[in-house]
Amino acid sequence: MHAPILVTGGAGYIGSHTVRLLASQGRKIVVLDNLVYGHPQAIVDPGVELVVGEVGDQDLVRALFAKHGFGAVVHFAAYAYVGESVTNPLKYYQNNTAEPIKLLQVMQEFGCQVFVFSSTCATYGVPDALPITERNGQSPINPYGRSKLMVEWILADCGHAWGLRSACLRYFNASGCSPDALIGEDHNPETHLIPRVLMAVSGEIDQLEVFGTDYPTPDGTCIRDYIHVEDLADAHARALDHLSAGGASLQCNLGTGVGVSVKQIITATEEITGQPVPVTYGPRRPGDPPVLVADPALALSLLGWQATRTDIREMLRPAWLWINGPNHGRYPGEKSS
Ligand code: UDP
């Protein structure tokens, strides 16, 4: 019997896929989400309670702890627009760094010592070696990455001070959706490559702009490691089991180890959809490192986890289904960006 779990940001993209998996495993889940970017419709399991509120509302979080006696917290709630973090850093440091401190204070009060944290490959900045291992230096190049890295440090310090055990899961590029396309990726605004390339095919946007064709990569476009969102969800379940069984804190990459370029994604999209992708070629987007690819070996050795899908078409197919399904890539009531 698992103790109830508090999932912050569980109505977001990665959070909702994780909540669905955890609930299917028979775990009691309470989601805390302010619904700024999350979608109540993304909580599809009727046994999951959604509480609308702020992670930093300590009276609310205390009341939830008192009622449910959580054994663990899985913390997704965060802002994740890198460009916005540059122009409005305080928004990111407040929401992504200061709010979790308030949550951790309540966890300490209630003696809850298990925390699974959504970290990011953005904490590495421009990698000093490839593929990226956890031994790479962490030198984030934007406030978003720094706001997440600071939480990694805070978690380590809480571990030393009061025994918190945490898993910092450094995601590479989350993609895809559940195979039934009941839940999926719905950001507003949508800035990510895979949804945008599919939006260009479906006509929701006129063209995909490729940001830079002069990178030092084989085809000149950026290379990323696209990881299926359900594989990410599985890693959270394993991290929870590891920590709940008394396992030590860990930090690990969650990626496939396979690098895919922007041009390769366009080609694979044309293959899957049977339609041409309207494309324009523009300048580099500031802050984009040429190549980000994970070495995922540590997650395998610590959690027994590895990506079950490594072919980019396995991420594109469900994402295309989500756009063509009953929701057309948007939860009901959501406007396109
Ligand atoms: N990209 C692009 N056009 C877009 C969106 C993204 O060329 O409209 C590129 C971007 O420069 C990066 C890659 O696609 O090289 C992945 O970008 P995304 O925003 O999906 O994820 P990120 O790697 O920034 O987290």
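What follows draws every value from the coordinates through simple rules; no lab data is involved. Computed from a prediction, not measured in an experiment: that's the story for all the values here. Note that each Cβ is placed from the backbone with ideal geometry, even for glycine, and that neighbours are counted across all protein chains shown.
Tally the DSSP beta bridges in the chain and give the antiparallel ones as a percent, rounded to 5. So the antiparallel bridges amount to about 5 percent of the total.
Based on C-alpha pairs under 8 angstrom that are at least 6 apart in sequence, the chain has a relative contact order of 19 percent. For the stretch 39-91, what does the alpha-carbon gyration tensor say about shape, rounded, prolate or oblate, given a ≥ b ≥ c as the root eigenvalues, a/c under 1.5 as rounded, and a/b over b/c as prolate? Verdict is oblate for the stretch 39-91. For the pair Lys91 and His328 in one chain, pulling the backbone fully straight at 0.36 nm per residue adds 82.2 nm over the alpha carbon distance. Normalised by 2.2 N^0.38 Å, with N the number of residues, the alpha-carbon radius of gyration of the stretch 1-158 equals 1.05.
Straight-line cross-link partners of Lys67 among the lysines, defined as a Cα under 28 Å from its Cα and at least 8 positions apart when in the same chain: Lys28, Lys102.
Look at where the Cα atoms of the stretch 55-82 and of the stretch 275-337 average out, and the two centres are 27 Å apart. Counting neighbouring beta carbons within 10 Å and listing from fewest to most, the residues Ile141, Ile183 come out as Ile141, Ile183. Residue exposure proxy: Val7, Val44, Val82, ordered by other Cβ atoms within 10 angstrom of their Cβ from fewest to most, comes out as Val44, Val82, Val7. Using a cutoff of 8 angstrom between alpha carbon atoms and counting only pairs six or more residues apart, the relative contact order for the stretch 61-165 works out to 32 percent. Fewest-first ordering of Thr273, Thr123, Thr87 by other beta carbons within 10 Å of each residue's beta carbon gives Thr87, Thr273, Thr123. When only Cα pairs below 8 angstrom with a gap of at least 6 residues are kept, the stretch 141-256 shows a relative contact order of 37 percent. For Val86, the shell of other residues with beta-carbons less than 12 Å away shows a net charge of +2, using +1 for Lys and Arg and -1 for Asp and Glu. Computed extension gain for Gln207 through Tyr281, at 0.36 nm per residue and net of the alpha carbon distance, reaches 25.7 nm. For the pair Asp59 and Thr133 in one chain, pulling the backbone fully straight at 0.36 nm per residue adds 22.7 nm over the alpha carbon distance. Taking square-rooted eigenvalues a ≥ b ≥ c of the alpha carbon gyration tensor, is the chain rounded, prolate or oblate, where a/c under 1.5 means rounded and, failing that, a/b exceeding b/c means prolate? Note, shape of the chain comes out prolate.
In the chain, the DSSP-assigned H stretches of four residues or longer account for a calculated mean residue ellipticity at 222 nm of -11000 deg cm²/dmol, using -39500 (n - 2.57) per stretch and the full residue count as denominator.
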